[in-house]
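A short write-up of the structure that comes next.
The values are calculated or read from the model by the stated rules, or taken from the named source; none is laboratory data. Being a predicted model, the structure only gives us computed values, none of them experimental. Positions of Cβ are backbone-derived with ideal geometry, glycine not excepted, and every protein chain shown enters the neighbour counts.
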Amino acid sequence: MFLPIFFIFSFLFSSTNAADFCVGDLNGPVGPAGYSCKKTATEDDFSFSGLRTAGNTTNLVKAAITPAFSTQFPGVNGLGISIARLDLAVGGVIPMHTHPRASELILVMDGTLFAGFISSDNKVYSKSLNEGDIMIFPQGLLHFQINTGKTQSVAFVSFNSADPGVQILDFALFTNDLPTDIIEGTTFLDAAQIKKLKGVLVGTG
Ligand SMILES: *[C@@H]1O[C@H](CO)[C@@H](O)[C@H](O)[C@H]1NC(C)=O
């Protein structure tokens, strides 16, 4: 009677159920499904202190995104969840961007943000958010956040993907070598404006 129970318990406590989690092995292969699983996980794999400190907002957009995606926080690998910290100086902006693989939920911790997204039928949904407010940005849609307040702003954004991806519209257009005439032809912007933005955003062509 005692023996089988003992065996069942020792089995339960001595083996890791491979289906419970899959802490990412950053040295292994990575694909659309994420990283392969680290052989032995420890408690340290399931916590992350990288969001304690504010990101550096001394940059063009006066804002910083500090991710805790599967690459920074391998504990979320395979779990369809992740988080990031946003810091925005006064006047700072997270420029128009999309996350190809996730919806985003923002929680404003400090300050005032004006945020919005644009649906695929080109309708704008925007709102001024204060401390404690949340807003959802549906998967794949263009969205933005601007610090419209008089103080530094901090927000946390969570995603229903361990690797949501970030594609910033202006960087996609002006921070590479896509030829000016192609950008002109596909966006209807004039060449002078394109060259100016390539200058600011370190693009060529
Ligand atoms: C923030 O970034 C700026 C620009 O790259 C740099 O000059 C500055 O030293 C950084 N500040 C900190 C605290 O790292």
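Among the residues of the range 116-135, those identified as surrounded by 11 or more Cβ atoms within 10 Å (Cβ to Cβ), among the hydrophobic types (A, V, I, L, M, F, W, C) and more than 15 Å from residue 86 (Cα to Cα) are 117, 118. Would you please name the residue that is surrounded by the most Cβ atoms within 10 Å (Cβ to Cβ), looking only at residues in the range 57-85 that are within 16 Å of the chain's Cα centre (by Cα) and within 16 Å of the ligand (Cβ to nearest atom)? Only one residue fits best here, namely 63.
Take the conditions (1) more than 16 Å from the ligand (Cβ to nearest atom); (2) modelled with pLDDT of 95 or more; residue 12 misses just one of them, which is (2). Assess whether residue 53 counts as being within 16 Å of the ligand (Cβ to nearest atom), of a type in the set (Ser, Thr, Tyr), in the same structural domain as residue 108 (by TED's automatic domain parsing) and exposed (fewer than 15 other Cβ atoms within 10 Å of the Cβ). Yes. For beta carbons closer than 7 Å, sequence separation of 6+ or different chains, a first residue in the range 50-61 that is of a type in the set (Ser, Thr, Tyr) and a second that is more than 8 Å from the ligand (Cβ to nearest atom), the qualifying pairs are 57/63; 57/64; 57/87; 57/88; 57/89; 57/92. Among the residues of the range 169-185, those that are β-branched (Val, Ile, Thr) and either surrounded by fewer than 19 Cβ atoms within 10 Å (Cβ to Cβ) or in contact with a Gly (Cβ under 8 Å, 6 or more places away or on another chain) (or both) comprise 175, 180, 182.
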